[in-house]
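Undergrad: Below: one structure in structure tokens.
Derivation of every value follows stated rules applied to the coordinates shown; laboratory data play no part. These numbers were taken from a predicted model, which means no experiment stands behind them. A quick note on method: Cβ atoms are made from the backbone with ideal geometry, for glycine too, and the neighbour counts reach across all protein chains shown.
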Amino acid sequence: MDLNLRKAILSNISTNNQEQLEATIKDAVNGEEKMLPGLGVLFELIWNHSDQQEQQEMVDALEEGVKQASGGNQ
């Protein structure tokens, strides 16, 4: 069986409005494990529609978040 998770997720959210998309993000970041793949697909969309400067800002924010989450300031 060929399961294309990315396509399934995009199909499931294709008609979502901003409020629904925000709820999906909040569910995933608040610990609902089943939402994590969807969060990955949403991030992919954001990344692909961002310019190089925005991508660098995301990487910087991610690096800072990882440092804070791990309790260190490497």
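Undergrad: For Lys26, go through the lysines and keep the ones whose alpha-carbon is under 17 Å away, minus same-chain ones fewer than eight residues off.
TA: Lys34
Undergrad: As an exercise, identify the GluC sites (Glu not before Pro) in the stretch 1-58 lying in DSSP coil whose Cβ has no more than 16 other Cβ atoms within 10 Å.
TA: Loop-located and lightly packed - Glu32.
Undergrad: With axes computed from alpha carbons, what is the tilt in degrees of helix 18-29 against the longest principal axis of the chain, rounded to the nearest 10 within 0 to 90?
TA: 60
Undergrad: Continuing with the same structure: Given the DSSP H assignment, sum -39500 (n - 2.57) over each helix run of at least 4 residues in the chain and divide by its residue total; what's the result at 222 nm in deg cm²/dmol, nearest 500? Write out the running numbers ahead of the final one.
TA: Numbers: 4 runs with 53 residues, N = 74.
Rounded to the nearest 500, it is -23000 deg cm²/dmol.
Undergrad: From the backbone phi of the stretch 31-38, what are the Karplus-calculated ³J(HN,Hα) couplings (6.51 cos²θ - 1.76 cosθ + 1.60, θ = phi - 60°) in whole Hz, Gly and Pro given as x?
TA: x, 7, 3, 5, 8, 4, x, x
Undergrad: Can I ask one more? Provide the per-residue ³J(HN,Hα) series for the stretch 50-63, in order, calculated from phi with Karplus coefficients 6.51, -1.76, 1.60 and θ = phi - 60°, each as a whole number of Hz, with x at glycine and proline positions.
TA: After applying 6.51 cos²θ - 1.76 cosθ + 1.60, I find 10, 7, 4, 5, 5, 4, 5, 4, 5, 5, 4, 5, 5, 4 Hz.
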